[in-house]
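The values are calculated or read from the model by the stated rules, or taken from the named source; none is laboratory data. Since the structure is predicted, the reported quantities are computational estimates derived from the model, not experimental observations. So basically every Cβ, Gly included, is an ideal-geometry build from the backbone, and we count neighbours across all protein chains shown. To get the accessible areas, we keep the full protein, side chains included, count just its heavy atoms, and leave off ligands, DNA and RNA. Shrake-Rupley method; radii C 1.70, N 1.55, O 1.52, S 1.80 Å.
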Amino acid sequence: MEHTILVLNGPNLNLLGTREPEKYGQITLEELEVDLRRDFPHIQLSFYQSNHEGELIDRLHQAYESGVSGIVFNPGAYTHTSVALRDAIKAIDLPVVEVHISNVYARESFRHFSYLAPVCAGQISGLGIGGYNLAIRWLAMEF
Ligand code: DQA
């Protein structure tokens, strides 16, 4: 059976590569997608980015309904604000790994709190875009 992992990115991550490159690097989201597909040729990867909370919630529900095996989720700033995304993760019976490119604990104090972390399988923060690769690896170990 072929497993599918959803790589979900929230607000402003469409600007990866040009947005504060000293924090988030110079690789674009499209380049990250190419790299991850190359790194995991045997896993079906599905990518989705939205700047809208409701669309991210819909995508989480849809992932569950369509039989996705796990989710790598960089919720961007919604990490620190969204009870609705937390409830959506809680509502689906799927492992979700929360990924942050930057080390949120080394930044402003409002970034130190995550509404989502308690309902995620785990969190990777501060390892650059390498965090996505590590999250996929961990999910694949759970298959
Ligand atoms: C981020 C960290 C968040 O605090 C921020 O709002 C982002 C990106 C990261 O990947 O480091 O948009 O999730």
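Here the Gaussian network model covers the chain, with springs between Cα atoms less than 10 Å apart; of Val34, Val96, Val119, Val34 fluctuates the most.
Subtracting the Cα-Cα distance of His80 and Phe40 from 0.36 nm times their residue separation leaves 11.4 nm of extension gain.
Which one, Tyr48, Tyr78, Tyr132, has the greatest fluctuation when you compute a Gaussian network model over the chain with C-alpha springs under 10 angstrom? So, out of Tyr48, Tyr78, Tyr132, the one fluctuating most is Tyr48.
In the context of the full set of protein chains, residues of segment 71-131 present 42 Å² of accessible surface per residue (probe radius 1.4 Å, heavy atoms only). On the principal axes of its alpha carbon atoms, the chain extends 42, 33, 24 Å, with the longest extent given first. Considering only Pro41, Pro95, Pro75, give the residue with the highest GNM mean-square fluctuation for the chain, with springs between Cα atoms whenever their separation is below 10 Å. Among Pro41, Pro95, Pro75, the largest GNM mean-square fluctuation belongs to Pro41.
What's the carbon and sulfur percent of segment 47-130's accessible surface, probe 1.4 angstrom, rounded to a whole number? Taking all protein chains in place, segment 47-130 shows 50 percent carbon and sulfur surface. Taking label positions 7 Å along the Cα-Cβ direction at both Thr4 and His52, the computed distance is 2.1 nm, reported to one decimal. Taking label positions 7 Å along the Cα-Cβ direction at both Phe110 and Lys90, the computed distance is 2.4 nm, reported to one decimal. For segment 1-98, the set of trypsin sites (Lys or Arg not before Pro) satisfying both a DSSP loop assignment and a count of at most 13 other C-beta atoms within 10 Å is given as Arg19.
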